[in-house]
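Written below as structure tokens is the structure these notes are about.
The values are calculated or read from the model by the stated rules, or taken from the named source; none is laboratory data. The structure presented is a predicted model; accordingly, all values stated were derived computationally and were not measured. Note that each Cβ is placed from the backbone with ideal geometry, even for glycine, and that neighbours are counted across all protein chains shown. When the accessible area is computed, the model is the full protein with side chains, heavy atoms only, and any ligands, DNA or RNA have been set aside. Shrake-Rupley method; radii C 1.70, N 1.55, O 1.52, S 1.80 Å.
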Amino acid sequence: ETHLIAKQQATDVFLDSLAYNAHSTAVELIWANVPVLTCPELKMTARVASSLLLAHGMSALVAREARDMEDVAVRLLRERRHLKRMRSELRRRRRSGSEDSLFDISQWTRSFEDGLFSLLEASASSPRHLHIVVSSSGPDPRRQ
């Protein structure tokens, strides 16, 4: 495990694959303060890393298009101060325990519970398919 962490910390930037994103690898890299650059696509397997980064408050690492992802990677590798700031921000968010930290287990638990209660309430009133969005400000049930 120590060897894996050392390798991750020696990594400047991780470029995610588009068709099938890094899942647990992305979590480990975010924990190690390695910028994970991703670009979400339509399938769920191609949106995992962007969900993780957005949950961690790092939208700057989520590109709209593959070309944007490349541009951010080049900037991070050319401008070492920018890379250092990005790594520092990842570290700050991990350590802060703030609501926009991927690693705030208490907040995650509250949000998960809110989502379950919203699902229960919404399903009792409508047999239609539901889409439940939960944020730190509370659930937002929407029908699809």
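Is one or more of the residues making up the range 26-43 without any contact (Cβ under 8 Å) to a residue 24 or more places away in the chain and of a type in the set (Gly, Ala, Ser)? If you could, list the steps in order and put the result at the bottom.
Residues of the range 26-43 without any contact (Cβ under 8 Å) to a residue 24 or more places away in the chain: 29, 40-42.
Filter again for of a type in the set (Gly, Ala, Ser), leaving none.
Among the residues of the range 26-43, not one is without any contact (Cβ under 8 Å) to a residue 24 or more places away in the chain and of a type in the set (Gly, Ala, Ser), which makes the answer no.
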**OP:** Specify the residue that is modelled with the lowest pLDDT; the eligible residues are those in the range 87-144 that are aliphatic (A, V, I, L, M), outside any helix (DSSP H, G or I) and surrounded by fewer than 17 Cβ atoms within 10 Å (Cβ to Cβ).
**Re:** Leu130
Original post:
Going by the conditions given, is Leu37 in a strand (DSSP E or B) and either modelled with pLDDT of 90 or more or open to solvent by 60 Å² or more (accessible area, probe 1.4 Å) (or both)?
Top reply: yes
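Look through the range 1-34, keep the residues that are of a type in the set (D, E, K, R) and part of a helix (DSSP H, G or I), and return whichever of them is least open to solvent (accessible area, probe 1.4 Å). Quick ask: steps written out before the conclusion?
First, pick out the residues of the range 1-34 that are of a type in the set (D, E, K, R): 1, 7, 12, 16, 28.
Then drop every residue that is not part of a helix (DSSP H, G or I), which leaves 7, 28.
Working: Lys7: 123, Glu28: 75 Å².
Checking each candidate, the answer is Glu28.
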**OP:** List every residue pair whose Cβ atoms sit under 7 Å apart, with the two residues 6 or more apart in sequence or on different chains, where the first one lies in the range 76-103 and is more than 17 Å from Thr11 (Cβ to Cβ) and the second, anywhere, is at pLDDT 95 or above.
**Re:** none
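Among the residues of the range 26-52, which ones are of a type in the set (Val, Ile, Thr), under 22 Å from Phe103 (Cβ atoms) and more than 12 Å from the chain's Cα centre (by Cα)?
Going through the range 26-52, the residues of a type in the set (Val, Ile, Thr) turn out to be 27, 30, 34, 36, 38, 45, 48.
Okay, now just the ones that are also under 22 Å from Phe103 (Cβ atoms), so 27, 30, 34, 36, 38, 48.
The answer is Val34, and nothing else.
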**OP:** Being farther than 18 Å from Asn33 by Cα, surrounded by 14 or more Cβ atoms within 10 Å (Cβ to Cβ) and among the polar types (S, T, N, Q) is the filter here, so list the residues in the range 43-75 that pass it.
**Re:** none
